[in-house]
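The structure appears below as structure tokens.
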Amino acid sequence: MGCGMAMGSLITYLETEQRLFSEFPFNEVDSLVLSTLCYFRFEKAGVVVPCGSERVLLHDAVALSDWCDLFAGCWLEDQGGSSDFAHAIMASRRYRYVEIGFFVDEFSSAVEKQFSAITFFLDSGACYLAFRGTDGTIVGWKEDFNMSFLPVIPSQRSAASYVSGVASGTTGPLFLGGHSKGGHLAEFAALDADQPVYERIFSVYNHDGPSFAEDPSPRMRTDEYACKLHKTVPVDSLFGMVYEDRESFCVVDAESFSVFQHNPFSWIVEEGRFKHLEDLSTGAMLIDDVFSNWIRTKDKEECERFVEAAFVMLCATEASTWAEFQSQLVANIATMVGEGGRLDSDTKRFLLGTLASLGDAAGRELAGRLQFAREFLTTSHPKKS
């Protein structure tokens, strides 16, 4: 049973919470478990057929896969705990009867698209539609940056179509979710869904994924959507606070620090739930304020120009993944610097000016906070006459 569980992680949650979903309701930790499973490269392992309608037991899909293939090409490949996570899934009574189906994987360098999703069928009768976050490809990261200036990116269109298709082939309540970009896609798909499908969506989970530069739908600011949405970010969140101006997110404690808290394995689980904190760390709030103030000064044309120029230099290395880039880090940095030197003078001035403006925004924000602190201390502790 899941009673009296001590503080732990996703893995200890899987090891200790053994009640079926029909016995203990689906919760935010289960959502992160399934969002993390969505990173598994089922398409490379060969057990699950992309675009197929047949269902496979999750246990069998993991057990029969070559784990080198299953973890390859995404951040899971380099994370300690990936094997323990897979073992815990196979041994879990809670997940014993979970089936997977409707798996899709789409990648196109031509249209700068990286999209993957899978549906988990729970023993309670509900379906969880999980969207994969950014993988290790340069194209995947480029698509993320394109969100700063494109009204709709290809993966958002695919996510909306995916929800519509799965809804037409299933009955019962729907849960949508994902980690990082996957959480962003889950939100977009829910907000874009036709009304009958939207009414079937019970919850939307965004785990440390960015929000939107512009509201994709009037639904986003409604009380009804606020009740459906469960957004969680780690205490030092960076990615999940991008474009986030809502106050309905929950802050989760984590064992790692700074950007490494983006790793779901670092999130702390306590008594079957995330260990929630009241607010973000001071550092995370500073970075969020700096970025928010800076991005407001940039129009879409400036964002597009900056992203395109930066990726021109990156693509000059001919690396297709971040792993390839890091394997020849010094040489690739030298290549980027060389490519930057070949940019026309106007583009070089623009890039340097954009980076300088970010530095200026950080300096102004920090100076403002220091001034506030001085005034607060002076007011709270006036000098004796």
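Read-outs: derived from the displayed coordinates by stated rules, not from any lab. Predicted, not measured: the structure shown is a model, and the values here were computed from it. Heads up, the Cβs are rebuilt from the backbone with ideal geometry, glycines too, and the neighbour counts pull from every protein chain shown.
Here are the numbers for the structure shown:
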| read-out | value |
| --- | --- |
| Under the Karplus curve 6.51 cos²θ - 1.76 cosθ + 1.60, θ = phi - 60°, whole-Hz ³J(HN,Hα) for the stretch 58-69, x wherever Gly or Pro sits | 4, 3, 5, 4, 6, 5, 8, 8, 7, 5, 4, 6 |
| Calculated FRET efficiency for the pair residue 19/residue 260, C-beta based, R₀ 22 Å, to 0.05 | 0.10 |
| In Hz, Karplus ³J(HN,Hα) per residue of the stretch 145-155 (6.51, -1.76, 1.60; θ = phi - 60°; x = Gly, Pro) | 5, 5, 4, 6, 9, 8, x, 9, 9, x, 5 |
| Ordering of 54-67, 204-217, 223-236 by packing [mean C-beta count within 10 Å, highest first] | 204-217, 223-236, 54-67 |
| Highest to lowest packing among 333-346, 157-170, 30-43, scored as the average C-beta count within 10 Å | 30-43, 157-170, 333-346 |
| Above-threshold pairs, the threshold being 28 Å between Cα atoms, out of 228/275; 231/300; 142/275; 181/228 | 142/275 |
| Per-residue ³J(HN,Hα) for the stretch 21-38, Karplus 6.51 cos²θ - 1.76 cosθ + 1.60, θ = phi - 60°, Hz, x for Gly and Pro | 5, 6, 9, 9, x, 4, 9, 5, 6, 4, 4, 5, 4, 5, 5, 6, 4, 5 |
| Nearest 10 degrees, 0 to 90: helix 282-295 Cα axis against the chain principal axis | 70 |
